[in-house]
Amino acid sequence: MSDDRPTAFEYQPALDGVRAVSVMLVLLFHAGFPWLSGGYLGVSVFFTLSGFLITSLLLVEQRTTGRVALGAFYARRARRLLPASIVCVVLVVVAHAAGAFRRVEGLRGDVVAAVLQVFNWATLRTGSSYGDLFQGGTSPLEHYWSLAIEEQFYWVWPVALIGLIAAVGRRRLPAAVVALFVVASLAAPVIAQVWGPDAAYWATPARLAEILAGAVLAVLLAAGVQVPARARHAAVPALALIVGLCLVLPSGSGLAYRGALPLFAVMSTVLVASLQVPGPLRTALGWRPFVAMGRVSYGLYLFHWPVFVLLRERGHDLTRPADLALALAITTCVTLASYRLVEMPVRRARWVPLSTLRLAVAASVPVVVAAALMAPAVAPVVAVSGFADEVALVPVESLAPLVTSSTAPGSSVVQSATTSVADGPETVVTLGPPLTRPVRTLLIGDSTSQAITVGLQAWAAANPGTMVVDGRWSPGFTFLDADAIVDDGLREFAADSAERLDAAVTEAVPTLRPDVVVLMDTLVDVADRRWPDGVLAPTDPAFQERLADAYGRVTDDVLAAGVSHVVWVVPPVPVPPGRDGAEPTDRFIAQHRVLGDVVAARAGRGVALVDLDAWLNATGHTGNDWRPDGVHIVEAASTELATQYLGPWLVRRATTP
């Protein structure tokens with residue numbers, strides 16, 4: 001994503017215009033607009049453009065001086081790329097010290113990988129998928145994967161090109177580079193088939209063909225191949241096809257994950273080649289605002305993602321015009337400050353190559369040291385504690401009646417609520433007479449359900465004989481049609497929800513025989529869906545009708561399995577980190593209303609509603625002390641919730657005729 005130009009290589013403003021279009025595709029994609037699900041292809045255009053420019057620079061130098069000064073080349077690359085890159089990493093470290101990005105696991109390793117230019121390999125090692133980009137806890141340095149691939153190319157390609165020229169000569173160089181491109185293009189789908197879709201996206205060998213496509217064009221032009229004037233007619237169709245693919249390709253699956261990006265690189269190469277001759281698109285892309293954006297596109301790419309992640313942490317929806325404008329304004333200000341105050345002064349410096357490389361190392365070492373001192377991430381949900389086995393549900397063939405007894409050992413059932421708030425939930429619930437046996441409770445839902453399970457298990461262990469608790473949960477779980485989710489990454493995340501729900505209802509419930517089944521989902525149930533009647537949000541009546549059907553169906557299935565009490569949880573509205581609270585958005589209000597309607601329709605059948613959202617508001621637990629990531633209740637807070645309210649409440653519910 002650089003814009004270095006060899007001295008004898010004529011500057012082409014239209015190529016800065018290509019950068020501007022590409023970076024805007026990436027920025028809008030990263031903002032989360034569902035209509036631009038393939039906007040990540042803008043990075044592929046950058047790859048091809050870099051291959052073209054860097055190879056052109058090397059060939060011009062080799063032709064005019066008879067050699068390539070590797071030290072000077074690497075020094076130029078360092079002066080161009082490292083200043084802004086290090087500034088971005090430093091800003092992330094400083095923001096983390098101030099309380100941002102605390103949910104990001106492995107951020108220390110991300111900082112080191114970014115500085116060492118191996119972020120793509122580090123990401124691949126962790127098993128992360130690009131489809132998870134918009135999930136909570138995304139690293140603010142996630143975009144360094146593409147910078148790492150380019151930088152790895154810059155280290156290797158000058159030496160490889162010198163070797164090729166020495167081996168085959170300049171006349172045969174185009175054929176040799178074309179052969180490399182063909183081999184790399186064939187390797188990409190093989191990598192996808194053997195090592196999987198993540199390797200097809202992250203691994204340098206799988207993306208090498210996109211850069212080599214630009215190198216092919218550079219060596220052909222250097223060999224004297226002329227681009228015919230009629231090639232200008234290909235410019236608009238090529239750009240239109242690039243943008244069109246950005247509109248239709250999915251973000252977390254499809255051609256990009258099957259090794260097909262070399263085909264896209266051919267289209268990018270056609271675009272660059274067509275801009276070598278005068279034409280309407282070359283004139284349009286040479287428009288001054290496009291050129292200005294292209295000149296700072298590297299900084300825009302670098303700084304936008306940490307800004308976007310930070311704003312999302314603070315509850316901003318970047319698909320809203322005002323929030324997007326704020327994100328772009330901050331990104332632009334930081335980019336211009338970096339460009340004027342850091343990047344340009346360093347690029348104009350005339351240090352000898354060795355001094356440049358020494359300064360690069362000297363600037364990188366303190367960043368790595370600072371990374372080692374960073375605080376670990378706040379885990380959104382801790383692992384089930386050691387006492388889980390002690391209070392876990394076990395399969396049983398028969399159960400004694402669940403009644404109170406003055407002679408039964410152990411803790412007691414609910415006696416009364418000691419405090420309450422007007423028109424709100426009881427804030428503290430206490431225990432009364434003992435039970436003949438513990439209440440058997442099973443929770444089914446997403447990762448927020450797991451967090452609640454952890455707290456109930458802690459409370460049950462502290463109150464022997466009161467409750468045994470287990471959970472069936474998965475991250476991204478939804479009770480509603482997962483296949484219809486608009487967001488590709490979220491859809492894949494929730495893909496196995498139907499199977500997990502069926503297993504819980506048809507296998508776990510009959511085997512464990514719970515007295516109470518608690519059902520809970522926080523986020524994915526309110527994600528937009530694409531159905532035959534269009535893309536619907538939870539505020540649409542047709543969406544609410546489907547949601548009510550899904551909730552009603554699972555309720556009836558659980559009751560039919562022999563469970564006496566079904567409890568739906570009104571989930572707490574997510575609270576952006578750094579906020580004291582959050583007003584429910586329309587989609588959460590709609591979900592809560594549907595839950596109330598489903599429960600009301602089954603009054604008298606053992607179905608109840610527990611409003612955790614209202615309880616958290618009534619008790620003042622609306623900040624991030626209980627939910628550092630804004631969604632999941634940490635173990636200590638979950639235990640307090642179970643002790644003061646939910647544990648006794650469920651026991652009372654189970655013993656209510």
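A few comments on the model shown:
- Just the protein heavy atoms count here, and of the accessible area of the chain at 1.4 Å, carbon and sulfur take up 61 percent.
- Residues with amide H under 5 Å from that of HIS565, placed H, sequence gap 5 or more: VAL517
- Using θ = phi - 60° in the Karplus curve 6.51 cos²θ - 1.76 cosθ + 1.60, the 3J(HN,Hα) couplings for region 155-162 round to 5, 8, 5, x, 5, 5, 5, 4 Hz; x is entered for Gly and Pro.
- Using the Cβ of ASP556 as centre and a radius below 10 Å, the other residues enclosed give a net charge of +2, where K and R count +1 and D and E count -1.
- Global geometry of the chain, whether rounded, prolate or oblate, following the gyration tensor of its Cα atoms and the 1.5 cut on a/c: prolate
- Cα centroid separation, region 599-643 to region 231-303 (Å): 49 Å
- Per residue, the accessible area of the chain comes to 41 Å², computed with a 1.4 Å probe over protein heavy atoms only.
- A simple spin-label model places the labels of LEU399 and ARG314 4.9 nm from each other, with each point 7 Å out along Cα-to-Cβ.
- Antiparallel DSSP beta bridges within the chain, as percent of all bridges there, nearest 5: 30 percent
- Counting only alpha carbon atoms, the long axis of helix 13-31 and the longest principal axis of the chain meet at about 10°.
- With a Förster radius of 35 Å applied to the C-beta separation of ASP597 and PHE33, the computed FRET efficiency comes to 0.65.
- Mean residue ellipticity (222 nm) of the chain, computed from DSSP H runs ≥ 4 via -39,500 (n - 2.57), nearest 500: -17500 deg cm²/dmol
The values are calculated or read from the model by the stated rules, or taken from the named source; none is laboratory data. Model, not experiment: these values are computed from the prediction. A quick note on method: Cβ atoms are made from the backbone with ideal geometry, for glycine too, and the neighbour counts reach across all protein chains shown. Protein only, heavy atoms only, side chains kept; ligands, DNA and RNA dropped before computing areas. Shrake-Rupley method; radii C 1.70, N 1.55, O 1.52, S 1.80 Å.
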